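The values are calculated or read from the model by the stated rules, or taken from the named source; none is laboratory data. Remember, it's a predicted structure, so these values are computed and weren't measured experimentally. Cβ sites come from the backbone with ideal geometry, for glycine too, and all protein chains shown count toward neighbours. For the accessible areas, the whole protein counts, side chains as well, though only heavy atoms, and no ligand, DNA or RNA atoms are used. Shrake-Rupley method; radii C 1.70, N 1.55, O 1.52, S 1.80 Å.
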Amino acid sequence: MTKSRILVVEDENIVALDLEKRLEKLGYDCVGIVATGESAVEKADELNPDLVLMDILLRGAKDGVEAGQEIRERFDIPIIFLTAYCDTATIERAKVSEPVGYILKPFEERALKTAIELGLHRHDSDRKLRKMERWLATTLNSLGDAVISTDVDGCISYMNAVAQRLTGWSWDDALGRPFEEIFNAVHETTREPMANPVRRVLAEGCAVTLAPGALLLSRDGRDIPIDDTATPVRNDRGKITGVAVVFRDITQRKETQAAQRKADEQIHQAQRMEIIGRLAGGIAHDFNNLMTVVLGHSNLLLAELPPDDPRRRRVQAVLNAGETATSLTRQLLAYSRKQVLKPVLCNLSSYVADTRQLLQQILGNEIKLTVVDPEPKLMPVKVDLGQVQQILLNLAANARDAMPKGGEVHIRVSNVEIKPDDAGSALPSGHFICLKFSDTGSGMDKETREHIFEPFFTRKDTGKKGAGMGLATVYGIVKQSGGHIEVASDVGKGTEFSIFFPRAIENIPAATSSSTLDAVVVGGQTILLAEDDDDVRELLTHVLVNAGYTVISAANGKEALAKLEKHTGTIDLLLTDVVMPLMNGVELSEIVSKKLPHIRMMFMSGYSKDLLDNKDGMLPEHISFLEKPVSPFRLLNKIQKLMGKAR
């Protein structure tokens with residue numbers, strides 16, 4: 001067994017030698033003898049003994065108490081004072097160096113051995129305890145949660161690093177203070193103080209938590225959302241000796257939850273608007289068949305009546321009402337993203353500039369319109385310019401209504417890049433053209449913003465013009481064009497719409513001239529007509545026959561094929577509705593084209609999604625399409641162009 005190594009510090013030489021002999025007799029190793037405090041510090045550093053036996057009164061500038069304190073603090077070596085003094089003042093001074101023993105001269109060997117063994121044991125226990133405390137402190141400071149412990153009176157006894165950071169209090173400043181002085185929590189909405197969790201634990205004897213919505217008011221002025229758990233600390237007999245409070249900063253969690261709620265609301269809103277869109281599209285589809293009959297017969301009647309016939313006024317009223325209803329139907333189709341689009345490559349800023357005069361007419365003289373100059377290298381987009389004009393006109397009308405006493409409108413077109421790490425963006429990463437349309441009008445509250453894109457939603461006073469379809473139409477056009485729309489608005493602070501269109505990959509082609517046919521040519525060809533609506537089929541047959549065409553009419557695709565098989569002559573054109581029972585128009589056209597490879601084809605429908613379900617209504621050049629409701633003139637003019645006939 002290794003002998004304990006002891007350094008003797010004694011300025012009386014005879015006493016020092018006697019101590020050396022006794023120590024060796026008791027089985028210890030006396031590694032050195034020094035007579036001054038200064039030498040004691042040096043030898044302790046040099047020899048690193050297990051224990052120092054030291055007299056208090058020593059020669060030199062540094063006595064035993066001062067030397068012992070330095071040895072204890074610098075080298076963590078235990079000290080036993082061996083002295084003839086036991087007065088109160090000397091003992092109080094000796095406590096500064098935290099000795100592990102105190103022996104009065106003269107002493108017996110048995111007392112010396114007992115003091116040394118107990119001192120070494122105490123020091124070893126203290127070292128292990130300090131090691132455990134350091135490990136515990138390191139562990140607690142490594143936690144992501146804040147930890148505060150209190151004594152049984154509710155005063156601070158420990159704080160880890162996170163707790164110090166969140167509360168703004170250092171451990172040294174907080175030690176011994178009441179918990180409520182350090183931990184100041186209020187409700188985030190009412191700002192009322194929260195119940196003290198420590199006092200509750202001490203009173204109830206069980207774990208408690210803060211109510212939701214707790215906000216920690218840090219000493220440095222920060223407001224930190226937190227949650228916490230306070231638990232009683234018990235000794236081995238089950239008696240409560242304090243409270244442990246564990247809490248955490250939940251700012252990121254609340255931000256994540258808020259973002260998730262916003263995303264959920266957006267998904268819910270999108271789903272609701274999708275359902276409304278499907279309903280609107282279905283209504284528009286059926287309504288277009290009805291309006292085909294109303295408008296068609298009204299046009300035919302108007303053409304048949306003499307100019308001075310008083311009945312013309314009534315027919316014209318029916319026709320005007322039908323056209324108004326048709327316009328509303330087109331808006332429903334725009335919202336439901338089931339309209340026909342003819343996209344072209346263009347510089348969006350140039351087109352916006354071209355519409356400036358028209359927009360100013362909509363806004364009126366009391367509203368100043370500013371179209372900001374575009375970026376030098378604005379990227380092209382592929383959009384239906386007619387639909388873009390509809391967007392601008394609807395936004396202008398909306399801005400005008402929001403500024404009855406005048407104001408300003410700003411329009412800007414710019415390049416925008418969305419990067420993959422752009423937080424909170426509803427757009428995929430990539431390059432976009434952003435059209436910003438802002439006004440200085442009355443603005444909108446949150447509830448209004450959540451509903452502005454829904455059809456027939458309006459906040460205009462009863463009796464004022466407007467069906468609430470303007471912004472719904474804008475929404476549908478943007479979505480069908482592959483874009484995205486955002487709105488920012490507050491009451492009294494105006495409104496800004498941001499519309500994002502994907503950048504086009506192609507270059508803008510050179511402008512080409514085009515001509516249209518103004519006259520309607522009488523037919524002569526044979527047309528196979530497939531239309532499941534009896535009234536529409538009867539009207540179209542009447543118009544075509546009167547124009548000189550031979551018509552083979554059928555109520556569905558199967559009937560059309562059957563009549564095709566029986567027909568012995570040529571058939572020049574297949575005119576078919578898309579949605580029909582038994583066999584739709586697309587299926588019919590595929591079969592007919594195989595039987596008659598050179599036949600011309602024209603599709604009719606209430607909306608383009610019937611025909612191009614995966615194309616979002618983007619109509620290819622080779623498809624001839626007639627949008628319902630069908631007017632006699634448009635029908636004949638479209639057939640004339642398709643057949644390539646001229647007067």
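Using the Cα atoms as the points, what is the convex hull volume per residue of the range 14-58 in Å³?
Enclosed volume per residue, from the Cα hull, is 69 Å³.
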Among 635-642, 127-134, 570-577, how do they line up from the highest to the lowest mean number of other beta-carbon atoms within 10 Å?
570-577, 635-642, 127-134
Toy charge model, Lys and Arg Cβ at +1, Asp and Glu Cβ at -1: the range 168-217 dipole around Cα centroid in debye, rounded to 20, equals 140 debye
If one computes the Cα centroid of the range 65-94 and of the range 126-203, what distance in Å separates the two points?
35 Å
Rg to Rh, two decimals, where the range 129-242 supplies the alpha carbon set and Rh follows Kirkwood:
0.97
Keeping all protein chains in position, work out how much accessible area Asp249 exposes to a 1.4 Å probe, and write it in Å² to the nearest 10.
70 Å²
Could you name the aspartates and glutamates whose alpha carbon sits less than 15 Å from that of Lys641, not counting residues in the same chain fewer than 8 places away?
Asp518, Asp572, Glu621
Tail beyond 25 Å, pair distance distribution of the range 20-159 (Cα, percent)
38 percent
